[in-house]
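Worksheet for the structure shown next.
The values are calculated or read from the model by the stated rules, or taken from the named source; none is laboratory data. Note that this is a predicted model, so its numbers are computed, not measured. Cβ atoms come from the backbone with ideal geometry, glycine included; neighbour counts cover every protein chain shown.
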Amino acid sequence: MTHASAFHFESLVWDWPIAIYLFLIGISAGLVTLAILLRRIHPEAGGADSTLLRTTLVVGPGAIILGLLILIFHLTRPWTFWKLMFHYSFTSVMSMGVMLFQLYMVVLVLWLAKIFEKEVIALQQRWLPRLGMVQKALTLLTPFHRLLETVMLVLAVLLGAYTGFLLSALKSYPFLNNPILPVLFLFSGISSGAAVALIAMALRHRSNPHSTEAHFVHRMETPVVWLEIFLLAAFFVGLALGDDGKMRALTAALGGGFWTMVVLAWRRGAGADCANAAEALGESWFDVSRRVGGMRRQPDRCPAAALFHSLCGTANGRVSLGRVISGRIPS
């Protein structure tokens, strides 16, 4: 490892799509965590009509499926991925992650199916009328729903931290071998999930921007962001106080290299452009809703702008980590 290429190793085969995968996993874990906390703290706002729960219904499993597809096609032999689902190694972080994904998806489907029980039964009666066991299974889940929700929260937290464990297990790479990464990735995922949820609330035509769930997510994201800042500072201080390899990794990360400039340019340039586009889109949608539905215009026309900017910044941070891992520019 040289000073000029502290993150570029010939033996490291992870490319930039892995960062997209990590970002999607974090969003799913963050949304599920926030949704469960909303149901515990404000049960009246955590029903099937909740924007946060509806967003979790779509993005929660959707982000996992998309992330795993990216991971599967990134394998050297993607057609053999099914073997990972049945052959476990308790000494491998990645193998334990596969087991965690399987448990997470099963519990997530059951948990969401119970919350949206009426919608699931209506779909079953319309498209699969002979499959009456669905309604019976959901009825059997009723006394265990609270326990199922607790298990779901534990799995979401573990999944959010797992991506950090996966990277910190690379002992031969000073920048990644850091015990703070799991906690940092957990809070990063929660902040990303909060940004996605708030964008969904802002863009939902008839949604109240000052609803209980919006206040809840805002109240949750503030300490999460501050903790994220503290963990980032601790992460870099740990590198600065480490051995020579960590010092060189820190210098390469903050020394004004190419990808450092890309991150700064994105946050100041492209991120702002995305925010302006979101503001224009949200304002036009709000005007249409006001004319059609008689809605009263709010002073804060579209909070999605700042939220989209925040989400873009978080996404870019994880994608930049992928560039750091691979040291390559995608073709």
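Couple of notes before you dig in:
- Of the residues making up region 133-152, those that are hydrophobic (A, V, I, L, M, F, W, C) and farther than 20 Å from residue 67 by Cα are 133, 134, 137, 138, 140, 141, 144, 147, 148, 151.
- Selected residue [over 25 Å from the mean Cα position of the chain (by Cα) and among the basic types (Lys, Arg)] from 114, 118: 118
- Under the condition of being part of a helix (DSSP H, G or I) and either in contact with a Ser or Thr (Cβ under 7 Å, 6 or more places away or on another chain) or modelled with pLDDT under 90 (or both), the residues counted in region 39-58 number 2.
- Selection within region 95-145 - among the aromatic types (Phe, Trp, Tyr) and in contact (Cβ under 8 Å) with a residue 40 or more places away in the chain: 101, 104, 111, 116
- Boolean, residue 118 is touching a His at 6+ places or on another chain (Cβ under 8 Å) and within 30 Å of residue 194 (Cβ to Cβ): no
- Members of region 93-137 that are more than 29 Å from residue 45 (Cβ to Cβ) and not in a helix (DSSP H, G or I): 128, 129, 130, 131, 132
- If you check 155, 147, 110 for being closer than 21 Å to residue 31 by Cα, at pLDDT 95 or above and loosely packed, with under 15 Cβ neighbours inside 10 Å, only one passes: 147.
- Failed condition for residue 90, given (1) under 26 Å from the mean Cα position of the chain (by Cα); (2) not aliphatic (A, V, I, L, M); (3) not in a loop (DSSP other than H, G, I, E, B): (3)
- Annotation: residue 83 fulfils all but one of (1) in contact with a Lys or Arg (Cβ under 9 Å, 6 or more places away or on another chain); (2) part of a helix (DSSP H, G or I); the unmet one is (1).
- From the list 65, 72, the lone residue that is in contact with a Phe, Trp or Tyr (Cβ under 9 Å, 6 or more places away or on another chain) and either more than 19 Å from residue 119 (Cβ to Cβ) or surrounded by 15 or more Cβ atoms within 10 Å (Cβ to Cβ) (or both) is 72.
The rows are residues; the columns are (1) surrounded by fewer than 14 Cβ atoms within 10 Å (Cβ to Cβ); (2) among the hydrophobic types (A, V, I, L, M, F, W, C); (3) modelled with pLDDT under 85; (4) in contact with a helix residue (DSSP H, G or I) (Cβ under 9 Å, 6 or more places away or on another chain).
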site	(1), (2), (3), (4)
229	yes, yes, no, no
232	no, yes, no, yes
237	yes, yes, no, no
240	yes, yes, no, yes
254	yes, yes, yes, yes
259	no, yes, yes, yes
262	no, yes, yes, yes
269	yes, no, yes, no
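- Test: residue in region 63-82 that is under 15 Å from residue 200 (Cβ atoms) and in contact (Cβ under 8 Å) with a residue 24 or more places away in the chain: yes
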